[in-house]
1. Any residue that is modelled with pLDDT under 90, exposed (fewer than 14 other Cβ atoms within 10 Å of the Cβ), within 23 Å of the chain's Cα centre (by Cα) and in a helix (DSSP H, G or I) - is there at least one of those in region 676-685?
2. Regarding region 237-246, can at least one residue be identified that is farther than 30 Å from residue 192 by Cβ, modelled with pLDDT of 85 or more, outside the structural domain of residue 475 (by TED's automatic domain parsing) and surrounded by 18 or more Cβ atoms within 10 Å (Cβ to Cβ)?
3. Any residue at all in region 425-432 that is at pLDDT below 75 and in contact with a strand residue (DSSP E or B) (Cβ under 8 Å, 6 or more places away or on another chain)?
4. Test of understanding: among 273, 228, which residue is closer than 30 Å to residue 189 by Cα and either in contact with a helix residue (DSSP H, G or I) (Cβ under 6 Å, 6 or more places away or on another chain) or without any contact (Cβ under 8 Å) to a residue 24 or more places away in the chain (or both)?
5. Among the residues of region 23-42, which ones are modelled with pLDDT of 80 or more and either farther than 19 Å from residue 163 by Cα or assigned to a loop (DSSP other than H, G, I, E, B) (or both)?
6. Would you say residue 230 is within 23 Å of residue 111 (Cα to Cα) and part of a helix (DSSP H, G or I)?
């Protein structure tokens, strides 16, 4: 390494505070979450106080035995020769569990500094850790820190720089004498090229029969046979397998260290444990989660979030504008009422500090620049682009508020409990609790949700989770929910919105049951190990960073993809064949006698596809086109309606938009079917691309997208057809198909699992 350059690796268990430390010392905006696999790949940044120090944040892991992608990533980097020193972050409140990984990292022979994080909680609990004695036992410096409180960080990195100057270390901890004797013999069989500080590491790995380590060492056949003979004899003497022997020895070392270095305060139930007796209760846990999610959506969509959204739609992007601090609003409203039919002549600027809306500002600027009032350019910019984007950005306040609350729940430790609760439920339906983590992330965006499936080791479980992750409504789908529920209920029944969130969970559960009974996905779900961190009040900065990371992608997409899509939709809807198809050109949308948009290019495209959706109740070209535009970005659905209806800045919470949707789809069941279809069908192109990358197979990608679309179609068909039946429309061919779909679905749900049936037969035959 260059004398001035130091590469520091941050290693540690999940929930040890490693990413919090990384964000603190680098100023980075890393994602902090209370579950394994948050950092799937290593992240890198410069130390704020010294740009010559590069910090690499490794994934949170429990061991260097590479069974998961995170473990493989961490071990490969540590053994690459790039890091000069390792900061092993340890949760000081769970010293025994965290020291297992620490011992493995120390065995690599790299310079290590152990950072005992959460020192404030150790003190609060009344525990005492003898850091001097612990340092002697581990053979490396040990520092007490608190990443959350920013204590001990300066001293930690002073020690890091000192340790980086060393050439490595030989581990001080020793196993039982019989095991040490075997390891010594293995070390003697190692090539001379293996450095002294790494011989212990490779001896242990050869003892464990680690395939990757064996490849790196490349022993001769004779020495490999000798090593295998030594290991096999040790296994026979200990009556256990090699890996379990080493695991037991490590925990034996840890037990001695804990006895000498840790003084525990008298046992008492912590606040977290008291809360967990309620929130993780087998009976109460799930209802509490449901109530919390109802409250979150109620606040974000129907109350505070709705108020801010109304302002964004009507004042900020609308034509109403607003008065600073409301000064002059009452006088203006009175003047408008007095003016009657001449209300447009009333100048709002005369009554107080008035700020016009963006649409008004843009329109006035265009007209002042010589653009025809209501002409081609004015219509494109104001109705197409500004109006379409306004419909999307109008939802941003709701989304920000929603993610602030979700981020708070995640950072305080509650969502880790939800994953634990859902594991108990998901396992009954063939899925692991690990499958819930990508789905929770998908509530923000489906792309990182799909990518989070890397943490699932079982390939069948991973593929099935990828297929079902995007059933959970992401932020882009929430405007569709708000629009359709507003159209259905006029915004009065706030509790309807969260029900569609749980429709996504129901689709996941149903899919898990059905797919697990097929040969493609058969087998037991992967085991789920989860740390349950102590409840704590999250740092405001962390919550805001988490919220911003989720919202940033939405805003970028709205400013790029959706910007282009709104312009394209405006063009396709405003150009077509007027006068019965005789003339192609710009359509006269002001024609009071004929709806010229019915002759647009967009209408022709929509009418060609619309019959497919007729059994679902929305077989008109407008809703068809909106659904297709949702493949580009789900947010496009509301923006498309805004352009098609000529409502410009109207958003999903605008009563005018609700009325327009109601006129387009008079039957409430059709609106509910439209909503269900767009929530469950194929996600946006970005998420489809992520699915293709994670599947690494065009065949599996096509199967995943096909399954999502078929399930969405079936659910929407049943909603519409059964709705028609129950409202007195009579029994039709569509109703018969809906009943057939229901029967097939019930059969697939309740048929015996062939795997378990065959296993039971085999067990009976063996008996």
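The values are calculated or read from the model by the stated rules, or taken from the named source; none is laboratory data. In this text the structure is predicted, and so the values were computed from the model without any measurement. Note that each Cβ is placed from the backbone with ideal geometry, even for glycine, and that neighbours are counted across all protein chains shown.
1. Yes - at least one qualifying residue is present in region 676-685.
2. For region 237-246, residues farther than 30 Å from residue 192 by Cβ, modelled with pLDDT of 85 or more, outside the structural domain of residue 475 (by TED's automatic domain parsing) and surrounded by 18 or more Cβ atoms within 10 Å (Cβ to Cβ): absent.
3. No, region 425-432 contains no residue that is at pLDDT below 75 and in contact with a strand residue (DSSP E or B) (Cβ under 8 Å, 6 or more places away or on another chain).
4. Checking each option against the conditions leaves just 228.
5. Hits for region 23-42 are 23, 24, 26.
6. The answer is no for residue 230.
Condition check ((1) in a helix (DSSP H, G or I); (2) assigned by TED's automatic domain parsing to the domain that holds residue 716; (3) at pLDDT 70 or above) across all residues:
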site	(1), (2), (3)
568	yes, no, yes
577	no, no, yes
584	no, no, yes
594	no, no, no
603	yes, no, yes
615	yes, yes, yes
624	yes, yes, yes
627	yes, yes, yes
632	no, yes, no
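Yes/no matrix, rows are residues, columns are (1) touching a strand residue (DSSP E or B) at 6+ places or on another chain (Cβ under 7 Å); (2) modelled with pLDDT under 85:
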site: 250; (1), (2): no, no
site: 263; (1), (2): yes, no
site: 276; (1), (2): no, yes
site: 284; (1), (2): no, no
site: 302; (1), (2): no, yes
